[in-house]
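Asks: The structure follows.
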Amino acid sequence: MTVEKHIFGKPFYIDSVINFPPYGKTFTDEPKNFPVGKIDIQDDFKFTCKMNEDDMIFGLGEAMGGINKRGRIYKSWCNDDPHHTEEKESLYGAHNFLVVYSPSIQKAFGLYFDYPGMLEIDAGFTKIDELVVHSEKTDIAVYFIADDSASPDSVVKSIVSEFRKMIGQSYIAPFWAMGFMQSRWGYGSEQDLVRVYENHKKHNLPLDAIFLDIDYMDEFKDFTVNKENLPNFAAAVKKMNDKNIHVVPIIDAGIKADDTFDVDVEGVKNDFYCKKADGSLLAAAVWPNLSHFPDFLNSDARRWFGEKYKILLDAGVDGFWNDMNEPALFYSEDGIKEAANKLIELSNKVLSDDNTQDKISWQMSDTIWNVKNAMKDYASFYHTVDEKEAGNFAVSVKNGKATVCHKDVHNLYGFNMTKAASEYFDSIGKKSDILLFSRASFIGAHRYGGVWTGDNNSWWSHILLCLKMLPSLNMCGFLYTGCDLGGFGCNTNRELLLRFLALGVFTPLMRNHSALGTREQECYNFENTEDFAGILNLRYRLIPYLYDQYKKASENNTMYFRPLAFDYPTDKIALRIEDQLMLGEDLMIAPIYEANAKGRFVYLPEEMYCLRSSHNHGSEEGIIPQELLKAGTHFVECAPNEVVFFVKKTSRIPLVDAAENTKSLDLNKVTFVGAV
Ligand code: GLC
């Protein structure tokens, strides 16, 4: 195993790599020592590497594009963008790890760019045969990993495992968090909790958690509860807990700027917020309108924010989702004023000069559009960190503390919000009992919580997009992950929800979540709810097995989801499969992501059992029909109320009986499928 750390300049200290192996070598400031490609640190940082025609690139965590990332540009920048369309370059996470694999020579190497700001990865977009990685600053640490002793069949997996060891063990969610969870933007009252619970019960739909979105808060203020919606919050939570339902509230990054709000008053008094150059506090809008932003990079502010979760924990809550932590800025106080003035100026122009109308109306819409998540705003505020952490990122230093510009360390914000919560849970000995996941993330945050893939849409293509991101997220340590099943934005239909759920059966995070104003997409709102129950029952039957595989992946630094290419790199077809995944030690999944399909073509790299579960599988006999299929391509039928998955010929999978929640699963009554 070869592990090298190449340090250029004085990088910002990021605790993403926490275990540098004893056999690893460290180099400083010598671009020529880098083992592959060419590094240039003249004005900015640029790594360039030639690629062979058939070289493949894997990794980059949460990103658009394929499982093979080649052919696109990616901007590593935590971005609050709810439109996950083809051309997008950034999503909510920033995960700078990739593996280049050359199938012709069966060699691979991994690269990790430890850099907290924007990193551009041109994976053969500008020039088809070049991988170019660029950052503005030349203060960066780059890790190189190769394993020349690994067999061709395991070379990529071995590099990924080495990286995963270096970044530390992935977060393990509590067992109940493998259960099905129901969420919707709009849930915020006791009535919502009761309605969702009762409908699930009535329709025999298993359930383990109900989420509360921003409406449970009083005026969207973190760590408060709306007294009208939830007059006795603890009692409402207890009522759910008594039925084995967990209540999972949202926590947003921004805190309402309000001098009558005790949390905000404390934040101001203790100097825990991000500040602008003139020392005034950044005030930017999120849901509560103008908000202050905790300086999560400052350990004192982190501790303070983390301790606030106690307010909700004391009420019986044992799960949280951290949101808007890229951070999302709808507009800043300065930005909106500037835009308003510009609009007045432009409208005066339109009224006085006919010829320019067209372009001016474009300029007007751009002016409005550009106030959101503006780079200018990200460049306008600062964090306070220990001087020794800042490297060359410090803009000023005083009494052992350095000030750094947010734009330069942007990608660490959500990471440190997750860390704030997790460190508190750890300090009270409850980390492993509490569910925690986040929208924004950076490598390192995988030790503290999971991630969901943000605001997708009720689009068929977003089933596939999720599938493609799963293994890349796993490469970067994020194992507890999944997408908004059914799709967050737009209106879903019955078939689309069923197919989304059929993928969700296998993702550790299995949550139906949708946006305010969209069609209500709880399973019980559609016809023939027994079809939904059938899919959820399959999940519950598999939970002990899936949880075991998930825990093993965390403990052994392996991937829960893998591209077929990682397991069968010498199989030319498997190598390029973009719509199937290997799961754990024994399974392969091939979800359907097209409307009106009766089934799909599935490629089997080896002989496997094809298991089929339809809605009656959980009934009396509890048998899942299986058929041994030869290696090769098959058209496999699969109705919308069925889930088909594949088990290796030599493997057997334990199943328990379905139950209404994870607490009621009988773990002693096990049957087996596969090679029994
Ligand atoms: C963001 C989140 C979404 C949530 C909404 C309201 O868009 O990504 O999941 O429902 O905010 O809180």
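The values are calculated or read from the model by the stated rules, or taken from the named source; none is laboratory data. All values reported here derive from a predicted model rather than from experimental measurement. Using ideal geometry, Cβ is built from the backbone for each residue, glycine included, and neighbour counts are taken over all protein chains shown. Ligands, DNA and RNA are excluded from the accessible area calculation, which covers all protein heavy atoms including side chains. Shrake-Rupley method; radii C 1.70, N 1.55, O 1.52, S 1.80 Å.
Asks: Can you name every residue in the range 438-450 that is more than 10 Å from A421 (Cα to Cα) and either within 16 Å of the ligand (Cβ to nearest atom) or hydroxyl-bearing (S, T, Y) (or both)?
Replies: Going through the range 438-450, the residues more than 10 Å from A421 (Cα to Cα) turn out to be 438-447, 450.
Within the range 438-450, S438, R439, A440, S441, G450 meet the criteria.
Asks: Oh, and also: Do we have A420 as open to solvent by less than 10 Å² (accessible area, probe 1.4 Å), more than 16 Å from the ligand (Cβ to nearest atom) and either modelled with pLDDT under 95 or assigned to a strand (DSSP E or B) (or both) here? If you could, list the steps in order and put the result at the bottom.
Replies: Details: open to solvent by less than 10 Å² (accessible area, probe 1.4 Å): yes; more than 16 Å from the ligand (Cβ to nearest atom): yes; either modelled with pLDDT under 95 or assigned to a strand (DSSP E or B) (or both): no.
Against the criterion (open to solvent by less than 10 Å² (accessible area, probe 1.4 Å), more than 16 Å from the ligand (Cβ to nearest atom) and either modelled with pLDDT under 95 or assigned to a strand (DSSP E or B) (or both)), A420 does not qualify.
Asks: Does any residue of the range 81-91 turn out to be open to solvent by less than 10 Å² (accessible area, probe 1.4 Å) and either under 20 Å from I128 (Cα atoms) or touching a residue at least 60 places away in the same chain (Cβ under 8 Å) (or both)? Show your work before the answer.
Replies: First, the residues of the range 81-91 that are open to solvent by less than 10 Å² (accessible area, probe 1.4 Å): 84, 91.
Narrowing the set further to residues that are either under 20 Å from I128 (Cα atoms) or touching a residue at least 60 places away in the same chain (Cβ under 8 Å) (or both) leaves 84, 91.
For the range 81-91, residues open to solvent by less than 10 Å² (accessible area, probe 1.4 Å) and either under 20 Å from I128 (Cα atoms) or touching a residue at least 60 places away in the same chain (Cβ under 8 Å) (or both): present.
Asks: Right, next: Checking E190 against (1) more than 17 Å from N556 (Cβ to Cβ); (2) away from the ligand (no atom under 16 Å from the Cβ); (3) touching a Ser or Thr at 6+ places or on another chain (Cβ under 9 Å): exactly one of these is not met. Which one?
Replies: That leaves (3) as the condition not met.
Asks: Another question, if that's okay. Tally up the residues in the range 513-525 that are open to solvent by 10 Å² or more (accessible area, probe 1.4 Å) and more than 13 Å from the ligand (Cβ to nearest atom), please.
Replies: 4
Asks: Among the residues of the range 381-415, what is the count of those that are in a helix (DSSP H, G or I) and open to solvent by 10 Å² or more (accessible area, probe 1.4 Å)?
Replies: Going through the range 381-415 one residue at a time, the tally reaches 7.
Asks: Looking at the range 473-489 only, could you name the residues that are more than 14 Å from the ligand (Cβ to nearest atom) and out of contact with any Pro (no Cβ under 9 Å at 6 or more places or on another chain)?
Replies: Of everything in the range 473-489, those that are more than 14 Å from the ligand (Cβ to nearest atom) and out of contact with any Pro (no Cβ under 9 Å at 6 or more places or on another chain) turn out to be L473, N474, M475, C476, G477, F478.
Asks: Report those strands (runs of 3 or more DSSP E) wholly inside the range 545-615 carrying at least 1 residues which are open to solvent by less than 50 Å² (accessible area, probe 1.4 Å) and of a type outside the set (A, V, I, L, M, F, W, C).
Replies: On the way: elements: 581-583, 587-589, 599-604, 608-613.
Of the strands (runs of 3 or more DSSP E) lying wholly inside the range 545-615, those with at least 1 residues that are open to solvent by less than 50 Å² (accessible area, probe 1.4 Å) and of a type outside the set (A, V, I, L, M, F, W, C) span 599-604, 608-613.
Asks: Another question about this same structure. Quick one: what pairs do we get from the range 16-45, first residue farther than 28 Å from N416 by Cβ, second assigned to a loop (DSSP other than H, G, I, E, B), C-beta under 7 Å, 6+ apart or different chains?
Replies: Sorted first by the residue in the range 16-45, then by its partner, the pairs are Y23/M1; P31/I41.
Asks: Based on what the data block shows, is E228 within 15 Å of the ligand (Cβ to nearest atom) and charged (D, E, K, R)?
Replies: Details: within 15 Å of the ligand (Cβ to nearest atom): no; charged (D, E, K, R): yes.
No, not satisfied.
Asks: Only residues in the range 590-617 that are modelled with pLDDT under 95 count as the first member; pair them with residues that are among the small types (G, A, S), Cβ under 8 angstrom, at least 6 apart or cross-chain, and list the lot.
Replies: Listed by first residue and then by second, the contacts come to S613/G534; S614/G534; S614/A639; H615/A533; H615/G534; N616/G534; H617/G534.
Asks: For the range 136-156, state whether one or more residues are open to solvent by less than 10 Å² (accessible area, probe 1.4 Å), outside any strand (DSSP E or B) and touching a residue at least 12 places away in the same chain (Cβ under 8 Å).
Replies: Scanning the range 136-156, I find at least one residue that is open to solvent by less than 10 Å² (accessible area, probe 1.4 Å), outside any strand (DSSP E or B) and touching a residue at least 12 places away in the same chain (Cβ under 8 Å), so the answer is yes.
Asks: Something else: For the range 231-249, how many residues meet the condition of being open to solvent by less than 40 Å² (accessible area, probe 1.4 Å) and away from the ligand (no atom under 14 Å from the Cβ)?
Replies: Selection size over the range 231-249: 7.
Asks: If you don't mind, there's one more thing I want to ask. Just checking, does the range 371-380 include any residue being buried (at least 17 other Cβ atoms within 10 Å of the Cβ), small (G, A, S) and touching a helix residue (DSSP H, G or I) at 6+ places or on another chain (Cβ under 9 Å)?
Replies: Yes - at least one qualifying residue is present in the range 371-380.
Asks: Moving to a separate point now. Kindly indicate which of D218, D271 is farther than 30 Å from K663 by Cβ, within 16 Å of the ligand (Cβ to nearest atom) and charged (D, E, K, R). First the steps, then the outcome.
Replies: Values: D271 fails: within 16 Å of the ligand (Cβ to nearest atom).
Matching residue, one of D218, D271: D218.
Asks: Kindly indicate which of R511, R499 is of a type in the set (K, R) and under 22 Å from G93 (Cα atoms). Spell out the reasoning first.
Replies: On the way: R499 fails: under 22 Å from G93 (Cα atoms).
None of the others qualify; the one that does is R511.
Asks: Given the condition over 30 Å from K201 (Cβ atoms), touching a Phe, Trp or Tyr at 6+ places or on another chain (Cβ under 6 Å) and open to solvent by 10 Å² or more (accessible area, probe 1.4 Å), answer yes or no: does some residue in the range 250-265 qualify?
Replies: Filtering the range 250-265 for residues over 30 Å from K201 (Cβ atoms) gives 252-265.
Checking the rest, the ones that are also touching a Phe, Trp or Tyr at 6+ places or on another chain (Cβ under 6 Å) come to 254, 263.
From what is left, the residues that are open to solvent by 10 Å² or more (accessible area, probe 1.4 Å) are none.
Within the range 250-265, none of the residues are over 30 Å from K201 (Cβ atoms), touching a Phe, Trp or Tyr at 6+ places or on another chain (Cβ under 6 Å) and open to solvent by 10 Å² or more (accessible area, probe 1.4 Å).
Asks: For a quick check of your reading: which strands (runs of 3 or more DSSP E) sit entirely within the range 280-370 and have at least 3 residues that are under 23 Å from D252 (Cβ atoms) and within 16 Å of the ligand (Cβ to nearest atom)?
Replies: Once the strands (runs of 3 or more DSSP E) in the range 280-370 are filtered for at least 3 residues that are under 23 Å from D252 (Cβ atoms) and within 16 Å of the ligand (Cβ to nearest atom), what remains is 284-286, 319-323.
Asks: Within the range 455-463, does at least one residue satisfy the condition of being hydrophobic (A, V, I, L, M, F, W, C), in a helix (DSSP H, G or I) and under 17 Å from H513 (Cβ atoms)? Steps first, please.
Replies: Filtering the range 455-463 for residues hydrophobic (A, V, I, L, M, F, W, C) gives 459-460, 463.
Filter once more, keeping what is in a helix (DSSP H, G or I): 463.
Those left that are additionally under 17 Å from H513 (Cβ atoms): 463.
Yes, because at least one residue in the range 455-463 is hydrophobic (A, V, I, L, M, F, W, C), in a helix (DSSP H, G or I) and under 17 Å from H513 (Cβ atoms).
Asks: Just to be sure, is C466 within 16 Å of the ligand (Cβ to nearest atom), of a type in the set (A, V, I, L, M, F, W, C) and open to solvent by 10 Å² or more (accessible area, probe 1.4 Å)?
Replies: Judged against the criteria, C466 is not a match.
Asks: Looking at S438, is it open to solvent by less than 10 Å² (accessible area, probe 1.4 Å), in contact with a Gly (Cβ under 9 Å, 6 or more places away or on another chain) and hydroxyl-bearing (S, T, Y)?
Replies: On the way: open to solvent by less than 10 Å² (accessible area, probe 1.4 Å): yes; in contact with a Gly (Cβ under 9 Å, 6 or more places away or on another chain): yes; hydroxyl-bearing (S, T, Y): yes.
The answer is yes for S438.
Asks: Look through A284, A209 and report the one residue that is within 21 Å of Y378 (Cβ to Cβ), at pLDDT 95 or above and aliphatic (A, V, I, L, M). Working first, answer last.
Replies: Values: A209 fails: within 21 Å of Y378 (Cβ to Cβ).
Of A284, A209, the one residue that is within 21 Å of Y378 (Cβ to Cβ), at pLDDT 95 or above and aliphatic (A, V, I, L, M) is A284.
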